[in-house]
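One structure is given here, and the rest of the page talks about it.
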Amino acid sequence: MAADFKTAQPVEYYRQFLKKDVRPDGRELGEIRSTIVNIGSISTAEGSALVKLGNTTVICGIKAELCTPTNDEPKKGFVVPNVDLPPLCSPRFRPGPPSEQAQVVSQFIADVLKDSKMVNHEDLCIAEGKIVWVLYCDMMCLDYDGNVIDACIISLLAALRNVALPSIEVDEETAKPKLTSSTSSTMTVQSLPVSTSFAIFDNSILIADPTNEEENLATGVVTVVTNECGELCALHKPGGSSLSESQIQECVKRSFSRGDEIRKLLDETFNSLDR
Amino acid sequence: MAVDIRLPRKRKRGELTSEPRGLVSPGDVITSDTGFMRGHGTYMEDDKLHASVAGVVERVNKLICVQPLKTRYNGEVGDVVVGRITEVGQKRWRVDTNSRLNSILMLSSVNLPGGELRRRSAEDELMMRQYLSEGDLISAEVQSVFSDGALSLHTRSLKYGKLGQGILLKVSPSLVKRRKTHFHNLPCGASVILGNNGYIWISPTVENESSDTAGGFIQNLEPVSEDERGVIARLRNCILGLAEHRLMLYDTSVLYTYETSTKYEIHELLKPDVMEEVIHLARLKLEQEGT
Amino acid sequence: MTSQRADCGNLELRSQSCEQNLLSRPDGSATYCQGDTSVIVAVYGPAEVKQSKEFLDKATLEVIFKPKVGIPGCSEKFQERLIRNTCETIVLTALHPRSSINIIIQVMHNAGSLLSCCVNSTCMALLDAGLPMSCLVAAVTCSLSCDGDIILDPTSQQEKEAKAILTFVFESRDNEIITSNTHGIYSIKQYYSCVEACRKYGFVSCQSPLGTTNTVEQ
């Protein structure tokens, strides 16, 4: 009976739950699903991480290649993020060129990467003006259950910390790069931005970490990206119902606490790896 | 030959005699009174009536609606329209009437040549192109509106049908005032059809409109004299001037503008300052008459 | 040191101008200029829609963003998504089910504050097309310099030197934020002060559309 009601009137069904301040999957309005992080799962990549945010699963693999830098910035390397939403993860994505959703998420992550200065591009320089590293970060969603932006950013953060670049030197005689030693150095990730997404329901209620069904019923979405210094890297609200100051304040507060949680989780994961 | 050159100048707003009342933009509250019925261009929220388009508020008894300033033609039953045939199809013609969707003129809605009343046969279908083909202009009346908003036209009266020699003008549909008749034989010597869809047809007056002229399909292709052409050209400039200054178009306004423009040459009316003066005088005359 | 603008101070908007109904084929068109930044927008609709894209209960909004040079890429898709979501909030799409509304934005010149110029001209074009909307929107861009000064409506030089660039879109009824898009790092206090500075000018911008549309004499 509940299933019929849900199909016929999904918004009303959802409202019934919200009246009791709870969501259909049992969470409270501000509660975020359990996050699982697994690093180094792809042995052929320089760095990798798998993140599960409830059912949403994203795997990030980073491949490092060599290339020549641009003329205006001869000391800077490149980091190229790309998000792929294949037909595997959800029936709404069809095979073919990247969907609009994938392009928008890729662009958002590229902006966050640039604005938050996660990676110092000058660290990626090997020989000024001749050879630099380019890191291709490919995030593939394996299971789409809402809030793919948060999962992608966490996986990108974890994978970047996991990246081990081999040390390369340019041979003076042949002017070709060669491996100096078999040890590799890990990347220093300078800032640790974490994003938290909210959905606005019925123009007034804020729900943290929406699932796929909640995203479809929402009247608006907000994504807040915070870093460890208590600053905001992005407050992205693409249209949707209007938000008052107090609601924005609530979102920002929740994202700061979420950011601390995730950074602690990542620290624990990396510490356990070293052990 | 002397050529007129003018520098570009800032567009003047034109003197307004009074600020038009009832201008609203989307989101403005029209009234908080719940006793009104809401019409087009409005929406209800929190027991207040808001406007959803930019335009003028119109009130008819208990019905409030907002007429947008610029819109495509939205047809109503009984309107007179002037349209151009764009396509000849199976038992119907598609007519462009400046609306969102092309209007339809069914084969069963036209008068057959000779004025016969009979069931349309397959032969009639094959002869459709001989009656009206692509590019022809017609005047017609709106018979009904389809569910998707397309209009169904008919030319069942002898005053409608294919149009012969003349000038077609396109203005905004909201400028054509709704009157009892849209066919005017002006005393200056030309006929004007003010289509509700904003298409205006100016043609020389035909002396005797004999009623057995084959149901409106034969075009009058006799040569038109130079005086008549002059009258038609002057009327065209006047109507375009009225449209530019946003005055409503009806037989009286067109006639007054024509009369005040006689002191200028026809080609001088194309200059904006001359036209402004003419329209100004015409407007004063209209206000004096109290229309 | 931040570059100063010659024509107006930091907390003022550049001279704005708008013209509607300049193209003859689209249902609505408008061009909006903020200083030297200028954008032209055309709106077609409600029109036929492909069956694969149609919604049974509302109109399908499509936005095409054309940059001045180059082929449209990921960042153009991002802008399209932003503007589309903003328009879906204000246009009453439920009044035109199974139809499509196409908005085409062409960048003529980018001299800073491009996103807010695009949103403003889209709103004016929708107004010109006579599409039913629940309210008007006004967009304002501001940038935070390294010293923490707020500069409204920055030029491209000021944007390059800025620490953060924030764009807000306000709606005309309650002056609340519909859209917010930011680049760069800033504190929450700076965010609120930018919102307040922009909101003051957003309100002024909402009043001006009525002044620029033509008046009809009855």
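The values are calculated or read from the model by the stated rules, or taken from the named source; none is laboratory data. What you see is a predicted model, and the numbers here were worked out from it, not measured in a lab. Methodologically, a virtual Cβ is constructed for each residue, glycine included, from the backbone with ideal geometry; neighbour enumeration extends over all protein chains shown. For the accessible areas, the whole protein counts, side chains as well, though only heavy atoms, and no ligand, DNA or RNA atoms are used. Shrake-Rupley method; radii C 1.70, N 1.55, O 1.52, S 1.80 Å.
Just a few scattered comments:
- Residues located in the range C:42-58, provided they are small (Gly, Ala, Ser) and more than 24 Å from residue C:128 (Cα to Cα): C:52
- Filtered residues of the range B:215-261 (kept if in contact (Cβ under 8 Å) with a residue 60 or more places away in the chain, more than 19 Å from residue B:185 (Cα to Cα), of a type outside the set (A, V, I, L, M, F, W, C) and crowded, with 21+ Cβ neighbours inside 10 Å): B:215
Each row is one residue, and each column tells you yes or no for (1) closer than 30 Å to residue A:205 by Cα; (2) surrounded by 14 or more Cβ atoms within 10 Å (Cβ to Cβ); (3) without any contact (Cβ under 8 Å) to a residue 40 or more places away in the chain; (4) touching a helix residue (DSSP H, G or I) at 6+ places or on another chain (Cβ under 6 Å).
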| site | (1), (2), (3), (4) |
| --- | --- |
| A:18 | yes, yes, no, no |
| A:34 | yes, no, yes, no |
| A:60 | no, yes, no, yes |
| A:70 | no, no, yes, no |
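- A residue that is under 25 Å from residue B:153 (Cβ atoms) and either within 14 Å of chain C (Cβ to nearest Cβ) or touching a residue at least 24 places away in the same chain (Cβ under 8 Å) (or both) cannot be found anywhere in the range B:41-62.
- Verdict on residue A:270 being in contact with a helix residue (DSSP H, G or I) (Cβ under 7 Å, 6 or more places away or on another chain), closer than 30 Å to residue A:169 by Cα and more than 9 Å from chain C (Cβ to nearest Cβ): yes
- If you go through the range C:195-218 and pick out every residue that is of a type in the set (D, E, K, R), modelled with pLDDT of 65 or more and open to solvent by less than 50 Å² (accessible area, probe 1.4 Å), you end up with 1.
Let's see how each residue does on (1) aromatic (Phe, Trp, Tyr); (2) open to solvent by 60 Å² or more (accessible area, probe 1.4 Å); (3) in contact (Cβ under 8 Å) with a residue 12 or more places away in the chain; (4) under 29 Å from residue A:207 (Cα atoms):
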{"site": "A:48", "(1), (2), (3), (4)": "no, no, yes, no"}
{"site": "A:54", "(1), (2), (3), (4)": "no, no, yes, yes"}
{"site": "A:57", "(1), (2), (3), (4)": "no, no, yes, yes"}
{"site": "A:74", "(1), (2), (3), (4)": "no, no, yes, no"}
{"site": "A:78", "(1), (2), (3), (4)": "yes, yes, yes, no"}
{"site": "A:103", "(1), (2), (3), (4)": "no, no, no, yes"}
{"site": "A:127", "(1), (2), (3), (4)": "no, no, yes, no"}
{"site": "A:132", "(1), (2), (3), (4)": "no, no, yes, no"}
{"site": "A:145", "(1), (2), (3), (4)": "no, no, yes, yes"}
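- Take the conditions (1) in contact (Cβ under 8 Å) with a residue 60 or more places away in the chain; (2) more than 13 Å from chain A (Cβ to nearest Cβ); (3) over 12 Å from the mean Cα position of the chain (by Cα); residue C:101 misses just one of them, which is (1).
- From C:115, C:82, residue being in contact with a Pro (Cβ under 7 Å, 6 or more places away or on another chain) and among the hydrophobic types (A, V, I, L, M, F, W, C): C:82
- Here B:163, B:194 are screened, and the one residue that is modelled with pLDDT of 90 or more and away from chain C (no Cβ under 14 Å) is B:194.
- When each of B:79, B:96 is tested for being within 14 Å of another protein chain (Cβ to nearest Cβ) and among the acidic types (Asp, Glu), the lone residue that passes is B:96.
- Residue B:191 being open to solvent by less than 50 Å² (accessible area, probe 1.4 Å) and either of a type in the set (D, E, K, R) or touching a strand residue (DSSP E or B) at 6+ places or on another chain (Cβ under 6 Å) (or both): yes
- Any hit, the range A:55-72, residues being assigned to a helix (DSSP H, G or I) and within 14 Å of another protein chain (Cβ to nearest Cβ): no
- Selection within the range A:219-253 - more than 8 Å from every other protein chain (Cβ to nearest Cβ) and small (Gly, Ala, Ser): A:246
- Within the range A:254-267, the residues that satisfy the criterion of being open to solvent by 10 Å² or more (accessible area, probe 1.4 Å) and within 13 Å of another protein chain (Cβ to nearest Cβ) are A:254, A:256.
- Within the range C:58-97, the residues that satisfy the criterion of being more than 14 Å from chain A (Cβ to nearest Cβ), open to solvent by 50 Å² or more (accessible area, probe 1.4 Å) and either within 21 Å of residue A:218 (Cα to Cα) or outside any loop (DSSP other than H, G, I, E, B) (or both) are C:66, C:95, C:97.
- Screening residue C:55 on (1) under 21 Å from residue C:45 (Cα atoms); (2) within 9 Å of chain A (Cβ to nearest Cβ); (3) surrounded by fewer than 21 Cβ atoms within 10 Å (Cβ to Cβ); (4) of a type outside the set (S, T, N, Q) shows it passes everything except condition (2).
- Looking only at residues of the range A:116-125 that are farther than 14 Å from residue A:65 by Cβ and of a type outside the set (Asp, Glu), we find that the one that is most open to solvent (accessible area, probe 1.4 Å) is A:117.
- Conditions (1) open to solvent by less than 10 Å² (accessible area, probe 1.4 Å); (2) touching a strand residue (DSSP E or B) at 6+ places or on another chain (Cβ under 7 Å): number failed by residue B:112: (2)
- Filtering the range A:182-204 to residues that are in contact with a strand residue (DSSP E or B) (Cβ under 9 Å, 6 or more places away or on another chain) and either open to solvent by 40 Å² or more (accessible area, probe 1.4 Å) or β-branched (Val, Ile, Thr) (or both) leaves A:182, A:183, A:184, A:185, A:186, A:188, A:189, A:190, A:194, A:196, A:200, A:203.
- Among the residues here, residue A:138 qualifies as away from chain C (no Cβ under 14 Å), open to solvent by 70 Å² or more (accessible area, probe 1.4 Å), part of a strand (DSSP E or B) and within 27 Å of residue C:183 (Cα to Cα).
- Residue within the range A:112-119 that is modelled with pLDDT under 95 and away from every other protein chain (no Cβ under 14 Å) present: yes
- Matching strands (runs of 3 or more DSSP E) fully within the range A:174-275 where at least 2 residues are touching a residue at least 12 places away in the same chain (Cβ under 8 Å) and within 30 Å of residue C:92 (Cβ to Cβ): A:194-201, A:205-208, A:220-226, A:232-236
- Residue A:92 vs. criteria surrounded by 18 or more Cβ atoms within 10 Å (Cβ to Cβ), assigned to a loop (DSSP other than H, G, I, E, B) and of a type outside the set (Asp, Glu): no
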